[in-house]
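The structure under discussion appears below in the form of structure tokens.
The values are calculated or read from the model by the stated rules, or taken from the named source; none is laboratory data. Not measured: the values here are computed from a predicted model. Please note: Cβ atoms are built from the backbone with ideal geometry, for glycine as well, and neighbour counts cover all protein chains shown.
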Amino acid sequence: MTPTPVGMRCPECAGRTTPVKRIGTGLAAGRAPATYALIAINVAFFFAEVAGGGGGLGFNGGGSVYNNLALFGPKVADGEWYRVVTGGFLHAGLLHIAFNMFALFILGRLLEPAIGTPRFLGIYGVALLAGSCGALIVTPDALTVGASGAIFGLMSAAFIIARHRGLEQIAGQIGLFVLINLAFTFGASGISVGGHIGGLIGGGLAALIVAFGERGRVGGVAEGLGMLALAAAAFAGCLVAASAA
């Protein structure tokens, strides 16, 4: 037997290299192109808000871009349905976008490499629309902006995927993070409770579809159709809530 860095090996095996397989089933930081693209889009919208009369980087809403693209029930009911999407890329100040983009950076680099970019974008889109739906149900007559609904969806998705893959320690940490943010949601003023809860539910449902897909209960096409169905239901809910306000 020959001593090697990995233990005792027979002479014939000592000179051979051991193949290494990397299994991407966990949750670990890695390549996240969609995460960086989403951050860039949010930052671009923010600078457009400032350029549109927002009053500087420390502004607290206002300006043409903010007023024309923010989520607002009466305007959605009048046919400006695009607000259910654009509202999720606007922010009401530098601190607002800084906090949201930091959370997106952390969660995106954790979740996107683990499930793949298409699934990640599907969860983000469903959560964004579900957050808009929740905001319109609870506060339809208020101007609502922010990526928080989508980010809450990523939180719930990361928790569900971690539990599904048996990563209990990571799931526990994410669960605590969710509880802290929910406490802040209900305890602070000026927070869209409906947007956060809607996003949390939408992201969780989308993550369950991913989990079913990984268990082999649904195929790739069915998984994609399930995501589209959730997005369509959330969008329809936005229109109904806006019209009923």
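Could you list all residues from the range 119-141 that are farther than 20 Å from Ala158 by Cα and surrounded by fewer than 24 Cβ atoms within 10 Å (Cβ to Cβ)? Hits for the range 119-141 are Ile137, Val138, Thr139, Pro140, Asp141.
Quick test of your reading of the structure: Phe99 fulfils all but one of (1) of a type in the set (Phe, Trp, Tyr); (2) free of Cβ contacts under 8 Å to residues at least 60 places away in the same chain; (3) in contact with a Cys (Cβ under 9 Å, 6 or more places away or on another chain). Name the failing condition by number. Of the numbered conditions (1) of a type in the set (Phe, Trp, Tyr); (2) free of Cβ contacts under 8 Å to residues at least 60 places away in the same chain; (3) in contact with a Cys (Cβ under 9 Å, 6 or more places away or on another chain), the odd one out for Phe99 is (3).
Scanning the range 230-242 for residues that are surrounded by 14 or more Cβ atoms within 10 Å (Cβ to Cβ) and of a type in the set (Gly, Ala, Ser) turns up Ala231, Ala233, Ala234, Gly237, Ala241, Ala242. Would you mind stating whether Ala207 is farther than 20 Å from Cys133 by Cα, in contact (Cβ under 8 Å) with a residue 24 or more places away in the chain and buried (at least 16 other Cβ atoms within 10 Å of the Cβ)? When the stated conditions are applied, Ala207 does not pass them. Close contacts from the range 154-174, counting a first residue that is crowded, with 19+ Cβ neighbours inside 10 Å and a second that is in a helix (DSSP H, G or I) and of a type in the set (Ser, Thr, Tyr), with Cβ to Cβ under 7 Å and a gap of 6+ residues or different chains, come to Leu154/Tyr124. Please work out if Gly198 is in a helix (DSSP H, G or I), surrounded by 14 or more Cβ atoms within 10 Å (Cβ to Cβ), modelled with pLDDT of 95 or more and of a type outside the set (A, V, I, L, M, F, W, C). Answer is yes for this residue. Has the range 78-96 got at least one residue that is touching a strand residue (DSSP E or B) at 6+ places or on another chain (Cβ under 6 Å), crowded, with 24+ Cβ neighbours inside 10 Å and not in a helix (DSSP H, G or I)? So far as the range 78-96 goes, no, none of its residues is touching a strand residue (DSSP E or B) at 6+ places or on another chain (Cβ under 6 Å), crowded, with 24+ Cβ neighbours inside 10 Å and not in a helix (DSSP H, G or I). In the range 97-114, the qualifying residues are those that are more than 13 Å from the chain's Cα centre (by Cα) and buried (at least 21 other Cβ atoms within 10 Å of the Cβ), and the one that is nearest to Val145 (Cα to Cα) is Ile97.
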